[in-house]
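J.: Let me begin by handing over the structure; questions about it come next.
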Amino acid sequence: MSSSKHTITKSYRFKVSVPEYSETTLQYFRDLVQEAAQKLLSTLWSDDWITKLGTSKLKAYKVINETQVTLEREGQTIYLPSRIRRGIAERVGRIIRSQYKRMNCYYDCLKVIKLIGGETHETKLIGIAMQTYRTKKNYPYYKKVMVQQTIQMIMNWQRKLAIDTQMISYCQLVRPTLNRFTFPFGPDDGQSLQFTREGQRIRYKIKLPIVHHPKSKQDWEWYEDYLYIPEKIDKKLEKSLNRQPRRPTLLTKTLKGGVTYFFLQFPWEFPKERKARENGNKERMLAVDLGLKKLATAVICENKKQISGPIYLKLVG
């Protein structure tokens, strides 16, 4: 599990600097993961799986069995190590789970539209939906922006396609795509990534495919290198609870020119800073000076120091 209520997690990215050969293997890895993840997402994308993951407190990869992650190219089965498949299942599961509240909001908004009619102005629909589902104990708390976006989506579909959205499921209207590459190593137990912090650098070993179409274990090899921690970040890490970071996420960043860089993003845990109560031991008082032209002049003082401008009380009449 993540940090407790007394800690906070902060993540830092480190660029993976590799020679040309290893850069190619990283690209192979990215392509395989993206393709397998998109296939799994398309296979599992349904109201049932959104509900199953949304109501489960388990890690996503424990709900989605890693054996469900498969990939074929040109009629041949691609070999993916078990921990790679597990990471893909975790990534796809997080995406599906994130839609649980939105799906419920969609069906709840449909109920409101059906009750008061689809010809009602959007603003009124939003207000009624917010009033309905914010006050009932058995319904989740929806933010106004979510309700607004959901009702606008429903009304746009009704206007553009002239269809009855009451007959369409959430997954028929919404279908996410994987535009960015990320791969969580959280489910891994050292079989696809190994790392340790050594002073101002992190030594790591990562298992990568050496060919574009890996068919067996022999087509995957370990690559070892170091990540250097900049001095600025190293000083911040002195306050972390543990020198060693938690398991990272591999991600990419593509520049406008099309050049892609790989990063390992490591999280560290830090203690939460407890803020002292603003008015804990401070004494405030209202000082009043009676006058002749004005009824009174008052100022607010704190610890014998004036903290406000003068407040004039005048006679009325």
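Taken together, the values in this text are just the output of simple stated rules run on the coordinates, not laboratory data. The structure presented is a predicted model; accordingly, all values stated were derived computationally and were not measured. Cβ coordinates were reconstructed from backbone atoms using ideal geometry, including for glycine residues, and neighbour counts include every protein chain displayed.
J.: How much length would be gained if the chain were fully extended between residue 159 and residue 68, taking 0.36 nm per residue of separation minus their Cα-Cα distance, in nm to one decimal?
T.: Extra length from residue 159 to residue 68 when fully extended: 28.9 nm.
J.: Could I ask something else about it? Report the local net charge at residue 301: Lys and Arg +1, Asp and Glu -1, summed over other residues whose C-beta lies under 10 Å from its C-beta. Write down the numbers at each step before the final one.
T.: Values: positive: 284, 304, 305; negative: 283, 302.
Net local charge, residue 301 excluded: +1.
J.: For region 230-247, what does the Karplus curve 6.51 cos²θ - 1.76 cosθ + 1.60, with θ = phi - 60°, yield as ³J(HN,Hα) per residue in whole Hz, taken in order and with x for Gly and Pro?
T.: Couplings: x, 4, 4, 6, 4, 5, 5, 6, 4, 8, 6, 6, 9, 4, 7, x, 8, 4 Hz.
J.: Measure up 143/235; 5/253; 39/207; 15/236; 101/124; 111/143 against 29 Å on the Cα-Cα distance and list the ones that go over.
T.: Details: 143/235 38 Å; 5/253 32 Å; 39/207 22 Å; 15/236 18 Å; 101/124 22 Å; 111/143 17 Å.
Distance filter (> 29 Å) returns 143/235; 5/253.
J.: For residue 71, which sequence-distant residues (separation of 5 or more, or a different chain) have an amide H within less than 5 Å of its own amide H, given hydrogens modelled in the peptide plane?
T.: 78
J.: On to the next question. Return the single residue from 239, 205, 305 with maximal mean-square fluctuation; model: Gaussian network over the chain, springs between Cα atoms under 10 Å.
T.: The residue that fluctuates most here is 305.
J.: Under a 10 Å cutoff between Cα atoms, tell me which one of 157, 220, 49 has the largest fluctuation in the Gaussian network model of the chain.
T.: Maximum fluctuation in the GNM of the chain, among the listed residues, is at 157.
J.: Taking K and R as +1 and D and E as -1, what net charge do the other residues with C-beta under 14 Å from the C-beta of residue 209 add up to? All intermediate terms of the calculation are to be shown ahead of the outcome.
T.: Working: positive: 30, 73, 83, 85, 207, 215, 217; negative: 23, 31, 35, 219, 221.
Value of the local net charge: +2.
J.: Can you list the DSSP H helices in the chain whose Cα atoms extend at least 27 Å along the helix axis and whose mean Kyte-Doolittle hydropathy is -1.0 or higher?
T.: Numbers: long enough: 20-44 (36 Å, -0.38).
Helices meeting the criterion: 20-44.
J.: Under a 5 Å amide H to amide H cut-off, with H placed in plane at 1.01 Å, what residues pair with residue 229 once short-range neighbours are removed?
T.: For residue 229, the qualifying residues are 201, 202.
J.: Sticking with this one: Roughly how many debye, to the nearest 20, is the charge dipole of the chain about its Cα centre, given +1 on each Lys and Arg Cβ, -1 on each Asp and Glu Cβ, and no other charges?
T.: Working: 58 positive and 30 negative charges, 311 e Å.
About 1500 debye.
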